[in-house]
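Have a look at the structure that comes next, please.
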Amino acid sequence: MEELDLGLDIDVNGTSGSVNNFLKNTLPHYIKGAGLRLNDLSAPTFSGMPSARSALNSQEKKMEKAWKRVEQYERKVVTVYQTLMLCTDTATQPYKTILVKKYIDDQPDWKVANLVKYSDRQFGLKKKLALCDFAELLEAQKVKNGTLDIPNLLVYKQSTSTAD
């Protein structure tokens, strides 16, 4: 397969692999930590905004600490959701559709490829580009939402220069 170049020194294969791993393994952990289910993200009632909560009466510190942890997971889920919604979604770059159908709706690649009307080979390329689009957009969303503890998923090309 030919080497993809986004022109930003991003390693497409490395980045798409790290995002794939994140969406398959880390996101479900965040969702459980927030007390949600994966299909809550595709439900029409999910607003993408953290719900406002307040401690009732003066709850003990242990409960307050646990609640803050749940709220932090919820902020992470919201950050991922907002990033997915920002992904490009045009006829030639159906990145949001690919990511939502694959990682939120849990559809197999062949079904998503048919939906976006791409061959298996074309779909493989578009999926990698969709994952890279997500990784780039995620960095700004992390700053906006105060979720800098979400890992950086961008993998950069290694310099191939040699010292004389």
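On the given criteria, is residue 121 over 18 Å from residue 38 (Cα atoms) and open to solvent by 30 Å² or more (accessible area, probe 1.4 Å)? Lay out the reasoning, then the answer.
Values: over 18 Å from residue 38 (Cα atoms): yes; open to solvent by 30 Å² or more (accessible area, probe 1.4 Å): yes.
The answer is yes for residue 121.
List pairs: first in the range 133-156 and within 17 Å of residue 96 (Cα to Cα) and at pLDDT 95 or above, second among the hydrophobic types (A, V, I, L, M, F, W, C) and open to solvent by 50 Å² or more (accessible area, probe 1.4 Å), Cβ under 7 Å, 6+ apart or cross-chain?
137/86
Another question, if that's okay. Is one or more of the residues making up the range 14-26 at pLDDT 95 or above, within 17 Å of residue 149 (Cα to Cα) and open to solvent by 70 Å² or more (accessible area, probe 1.4 Å)?
Residues of the range 14-26 at pLDDT 95 or above: 14-26.
Add one more test, that the residue is within 17 Å of residue 149 (Cα to Cα), and what stays is 18-19, 21-23, 25-26.
The next check asks that each one be open to solvent by 70 Å² or more (accessible area, probe 1.4 Å); those that pass are 21, 25.
Yes.
Going through the range 77-99 one residue at a time, which ones are open to solvent by 30 Å² or more (accessible area, probe 1.4 Å) and under 27 Å from residue 143 (Cα atoms)? Quick ask: steps written out before the conclusion?
Keep residues of the range 77-99 that are open to solvent by 30 Å² or more (accessible area, probe 1.4 Å), which gives 81-82, 85-86, 88-93, 96-97.
Scanning the range 77-99 gives 81, 82, 85, 86, 88, 89, 90, 93, 96, 97.
The values are calculated or read from the model by the stated rules, or taken from the named source; none is laboratory data. Here the structure is a predicted model, which means the values were calculated and not measured. Reconstructed Cβ throughout: ideal geometry from the backbone, glycine too, with neighbour counts over all protein chains shown. For the accessible areas, the whole protein counts, side chains as well, though only heavy atoms, and no ligand, DNA or RNA atoms are used. Shrake-Rupley method; radii C 1.70, N 1.55, O 1.52, S 1.80 Å.
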